[in-house]
């Protein structure tokens, strides 16, 4: 759901690290990212099993040569392409987020990272400093903000269709 900002004249070239066929959070990222045509998924290192990741990537419409075995290869190869990715989602196990986000920034990519971004204030400062140096954005996703039902509920509340909300039980 666009937030009232001026839409881009083209979609952003997007890649994913993690988020393969068995990943629930990967599915959520793809649904949210593709909803408003802001992103086009072009590349990925989708699974620790390279063949499984390649097969899943092809099911998503990613060209086989852009389905990579690991994030290092993804970042290196995409940086060489004139049509390489501009932004990457990190949807891997929590203990890998810092290293992958750092590598993505060093490769000149904007990053959308599943929470937690990192595990210490020092790591957070390092990523902030690197993102400023590279002039790149790092965003951290939280929970269900991209789900269609949450978007609809938010709009219904904003439109006053639900009356006064007194309690939310989840």
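The values are calculated or read from the model by the stated rules, or taken from the named source; none is laboratory data. Here the structure is a predicted model, which means the values were calculated and not measured. Every residue, glycine as well, gets a Cβ built from its backbone with ideal geometry; the counts of neighbours run over all protein chains shown.
Residues of the range 64-74 that are under 16 Å from residue 41 (Cβ atoms) and either surrounded by 13 or more Cβ atoms within 10 Å (Cβ to Cβ) or within 13 Å of the chain's Cα centre (by Cα) (or both): 66, 67, 68, 71, 74. Listed by first and then second residue, the pairs linking a residue in the range 136-165 that is within 25 Å of residue 116 (Cβ to Cβ) to a residue that is modelled with pLDDT of 85 or more and exposed (fewer than 13 other Cβ atoms within 10 Å of the Cβ), with Cβ atoms under 7 Å apart and 6 or more places separating them unless they lie on different chains, are 140/115; 141/115; 142/115. For residue 53, the conditions (1) buried (at least 16 other Cβ atoms within 10 Å of the Cβ); (2) closer than 24 Å to residue 10 by Cβ are fulfilled apart from (2).
As a summary of the residue check, residue 19 satisfies the conditions (1) more than 23 Å from residue 102 (Cβ to Cβ); (2) at pLDDT below 95 except for the one numbered (1). One residue stands out among those in the range 81-105 that are over 14 Å from residue 17 (Cβ atoms) and out of contact with any helix residue (DSSP H, G or I) (no Cβ under 6 Å at 6 or more places or on another chain): the one that is surrounded by the most Cβ atoms within 10 Å (Cβ to Cβ), which is 86. The listed residues are 41, 34, 12, and the only one of them that is under 12 Å from the mean Cα position of the chain (by Cα), surrounded by 13 or more Cβ atoms within 10 Å (Cβ to Cβ) and free of Cβ contacts under 8 Å to residues at least 24 places away in the same chain turns out to be 34.
Whether a residue is under 17 Å from residue 14 (Cα atoms), in contact with a strand residue (DSSP E or B) (Cβ under 7 Å, 6 or more places away or on another chain) and modelled with pLDDT of 95 or more was assessed, and residue 81 does not pass this test. Can you tell me which residue is surrounded by the fewest Cβ atoms within 10 Å (Cβ to Cβ) among those in the range 111-170 that are at pLDDT 90 or above and assigned to a strand (DSSP E or B)? The extreme case among them is 139.
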